[in-house]
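Each value in this text was obtained by applying a stated rule to the coordinates, not by laboratory testing. Note that this is a predicted model, so its numbers are computed, not measured. Counting neighbours? That spans all protein chains shown, and the Cβs are built from the backbone with ideal geometry, glycine included.
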Amino acid sequence: MRMLFLLAAMLGVGVSAADKPAMLKLCVDSTEVYPWVVDGRDGLNIVQLKMVSQKLGTKFEFHRIPWARCLDEMRQGNMDGAFAASFKPDRLALGVYPGGGDKPDESKHMMMDGYTLFRAKGSTVSFDGKTISNLNGAVGAQQGYSVVDQLKGMGVRVDDGTRSADDTLRKLAAGRLGAAALQTLEGENSIRLPEFAGKVEKVSPPLVEKPYYLMLSKQLVAQNGAFAKEVWQTVATVRESPEYKKAVASFK
C-alpha cells in the first residue's frame, strides 16, 4: 500500500475515497489568537477546516498545544499538520507548505493577517514602514512567532518571554517594554478589553501583512501526495466560498 501511495504522489494521481486517510490529526497553538483560534468556541480557522473536512470526507482531529511543540510534533509525524503558519524558510525542515516547494503556493493560503506595533498611550514610538523610531526598551513578542526574526533583522532588541498577546500587553502597560508586536487582529481585539482600554494604542502602518497556511507533515505528503494536494486545494475553495465568507462576516 505504501508503494501505491508513493506512486500516486509522484504521478499526481487523485486518490479514491477508499485510499483517503480516515482522520487527520492537526495541531494549533494553545494560545488564543482572535479571531482565528478562540477559547470556548470555534474560531475562524476551526470553522474553515471543519468545512474542509466535510468536503473531503475525512475527519479532522484538532489539538491545541504550544506552537513550538505543535511544529515539532508535525516534524516527527505525530501530527499530520499544523496551522496557521506563516512562511519561514527554516520551517521547511519541519513540514510542507502548499505546493511542496521551497516557497508556498500563496493561492492556497488559509487567511491573511500580519503584525502591528502597539505602544503605551502617550508614547512616541513610531514605524514609517521601514524603521521603528523613539523606542525606549525592548519590543515584546510571543515566543516562537515569526515576527521575532523580523524584529531582530531590524536591529531591535526583542523580549519574547510571553506566550499570549494579553501577557505581552500587560508587560507593555506595566512599563517593562518599549512596544509590543502582535498579530494585528488579535492585538486590535485585546486593546479593546477594559484592562487595556485607554492604556495601549495601535501604531500604523502594520509591520507586515502576509498569508498563513495549513502545513502538512512530510510523512503524510510522502505517503499520500495526491491527497495532500486535495487538502490544500479544498482549503482555498472553502476560503472563497459564500458559506465561509458569511461565517467571517458574522463572526464577533
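Beta-bridge orientation, the chain: approximately 55 percent antiparallel, per DSSP, counting only bridges with both partners inside. Segment residue 63..residue 188, full-extension length gain: 42.4 nm, with 0.36 nm per residue of separation and the alpha-carbon distance subtracted. Taking 171, 152, 50 as the candidate residues, the one with maximal mean-square fluctuation in a Gaussian network model of the chain, Cα springs under 10 Å, is 152.
Span-like helix criteria (full DSSP H runs; alpha carbon extent of at least 20 Å along the helix axis; mean Kyte-Doolittle hydropathy of at least -0.5) are satisfied in the chain by 225-239.
In this rough spin-label picture, where each label sits 7 Å from Cα along the Cβ direction, the residue 143-residue 23 distance is 2.9 nm. Using a Förster distance of 25 Å, how high is the FRET efficiency between residue 131 and residue 202, based on the Cβ-Cβ distance and rounded to 0.05? Given R0 = 25 Å and the Cβ-Cβ separation, E is 0.90.
For the pair residue 121 and residue 247, label points projected 7 Å from Cα toward Cβ lie 3.7 nm apart. Cross-link partners of residue 130 among lysines, defined as those whose alpha carbon lies under 21 angstrom from its own and excluding same-chain residues fewer than eight positions apart: 88, 152, 202, 210. The Cα-based radius of gyration of the stretch 142-252, divided by its Kirkwood radius, gives an Rg/Rh of 1.07.
In the stretch 4-154, the alpha-carbon atoms span a convex hull of 146 Å³ per residue. Under the simplified labelling scheme, the residue 195-residue 54 pair shows an inter-label distance of 3.4 nm, with each label point 7 Å from Cα along Cα→Cβ.
Taking all C-alpha pairs of the chain, those more than 24 Å from each other amount to 49 percent.
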